[in-house]
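The values are calculated or read from the model by the stated rules, or taken from the named source; none is laboratory data. Since the structure is predicted, the reported quantities are computational estimates derived from the model, not experimental observations. Positions of Cβ are backbone-derived with ideal geometry, glycine not excepted, and every protein chain shown enters the neighbour counts. These accessible areas exclude ligands, DNA and RNA; they are computed on the full protein's heavy atoms, side chains included. Shrake-Rupley method; radii C 1.70, N 1.55, O 1.52, S 1.80 Å.
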Amino acid sequence: SQETKSSFLTPEYKLGNLFDFSDMEKAVKRLYKAAKDGEHIGIYADYDCDGIPGAVVLVDLFKKIGVIDRIHVYIPDRHDEGYGVSKIGIDELESKEVTLMITVDVGITAVAEIADAQSRGIDVILTDHHQPLPQFPAAYAIVHPVKGTYSNQDACGAAVAFYLVCAFLEMHREEFAIPEGWEKWLLDLVGFATLSDMVPLTGENRILALYGLQVMRKTRRIGLQTLLSYNNIQIPTLTETDLTFTLAPRLNAASRMDTPLLAFELLSTDDQVRAIAITKRLDEINTERKALVARTVKNAHSSLDGRDLSERSIVVVGNPQWRPAVLGLVANKLQETYGKSFFVWGEAGDGSIKGSCRMIDEHHAALLFQSLPEGLMLHAGGHQAAGGFSIAKEKIHFLEDALNAALSDSTH
């Protein structure tokens, strides 16, 4: 019908009832208490184009309510720590006297780590959208689409953090004198994260992406303006393609080739000189990243040359020389070339084996991880199409057989 067509093409900007997240009110109350009582607040965000924008969205709120001097942002090192909440990060936040930690795009499978934080007197508000394990972490509050009945079950991580901000404003806007509609300025990053995280663009995600692009065309963020104009993108007519092919790879290059804090700083800085310096650095390392991916893909092809892959639905390939940080991109290229699901591994900075997987449509990474034999993986998590894992050196050679066996069990 005409009506559904126009609501798809030009949907009205309207969110669902944010208190349909079962712990939302509890989370907002705890956040308000921390803000009022002078507590130090930690933000523990993932290092990609979903977690980092989500962290900046929270930081924007904290600037607005005047508590930014007690905010500590922690983003793990992709190479040395890998994905997820780690003891290293909790130690770091504890040393800054943090008593409330908010996770962004991470934490739903970190049962032991969240328990550790809580036992040290750090309350955790966990915001995430990844597939949970059968057991939820014992966080102070969990804001996740699966907990509760919120209308957008496909929200990306930054959107979940944004919902927390909006719910906070619903309860406390007047007290902090925040103008009605101020939060729409945050949609540039929420829309960008929604587009980069490959979540389904239906329902509310479509609204976030569409209005996000409109806000991005008027963005007040100096870092975004600098990076886009440096790459000859006309911001007032910016398209989704500009974001996915220019902005996302450069922000992702930060964690793959250097430190994710570069991307965070670019999105949150008010300093023009710093924005230019970071933009140049991101451009440099993005060029290095392309070369490294191309080299690694070439090496992968030659190590697959002699192998008969016909009987394999899932292929594992790796080399201790390969840098885990770029292996998601490598897995992606291999999956496209061979039409099979790929697990690609390398050796991380700490000597452990870490890698990434990219799945063909009918395979589901997160569910596959859950059906592997107990104790095979050290860590594993992700969505349907993609995931990350770490595994002991002596077990890597059994991984391909175990994955294919788990897959055939689940399909029989």
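Things to note:
- Odd one out for ILE122, checked against (1) within 23 Å of ALA365 (Cβ to Cβ); (2) touching an Asp or Glu at 6+ places or on another chain (Cβ under 7 Å): (1)
- Residue in segment 96-113 that is among the polar types (S, T, N, Q) and farther than 27 Å from LEU251 by Cβ present: yes
- Check on LEU243, open to solvent by less than 20 Å² (accessible area, probe 1.4 Å), over 25 Å from LYS64 (Cα atoms) and touching a Gly at 6+ places or on another chain (Cβ under 9 Å): yes
- Scanning segment 220-273 for residues that are in a loop (DSSP other than H, G, I, E, B) and among the hydroxyl-bearing types (Ser, Thr, Tyr) returns THR239, THR259, THR269.
- Annotation: of all residues in segment 362-382 being free of Cβ contacts under 8 Å to residues at least 12 places away in the same chain and at negative phi, the one that is surrounded by the most Cβ atoms within 10 Å (Cβ to Cβ) is ALA380.
- Reported count of residues in segment 327-346, each being of a type in the set (Val, Ile, Thr) and either at pLDDT below 95 or surrounded by fewer than 18 Cβ atoms within 10 Å (Cβ to Cβ) (or both), is 1.
- Some residue of segment 215-233 being open to solvent by 50 Å² or more (accessible area, probe 1.4 Å), under 30 Å from GLN131 (Cβ atoms) and not aliphatic (A, V, I, L, M): no
- Subset tally (residues that are closer than 22 Å to GLY212 by Cα, at pLDDT below 95 and not in a helix (DSSP H, G or I)) for segment 1-45: 5
- Just one of the listed residues (PRO320, PRO324) is in contact with a strand residue (DSSP E or B) (Cβ under 7 Å, 6 or more places away or on another chain), surrounded by fewer than 18 Cβ atoms within 10 Å (Cβ to Cβ) and of a type outside the set (Ser, Thr, Tyr), namely PRO320.
- Entry remark, segment 173-218: residues being closer than 17 Å to PHE62 by Cβ, within 16 Å of the chain's Cα centre (by Cα) and part of a loop (DSSP other than H, G, I, E, B) number 0 in total.
- So ALA177, is it buried (at least 24 other Cβ atoms within 10 Å of the Cβ), at pLDDT 95 or above and of a type in the set (Gly, Ala, Ser): no
- Taken as a whole, the structure places GLU170 among residues that are open to solvent by 50 Å² or more (accessible area, probe 1.4 Å), of a type outside the set (A, V, I, L, M, F, W, C), touching a residue at least 60 places away in the same chain (Cβ under 8 Å) and closer than 30 Å to GLY223 by Cα.
- Filtered residues of segment 103-131 (kept if open to solvent by less than 10 Å² (accessible area, probe 1.4 Å), under 14 Å from the mean Cα position of the chain (by Cα) and at negative phi): THR103, VAL104, VAL106, ILE108, LEU126, THR127, ASP128
- Test: residue in segment 347-357 that is among the polar types (S, T, N, Q), open to solvent by 60 Å² or more (accessible area, probe 1.4 Å) and not in a loop (DSSP other than H, G, I, E, B): no
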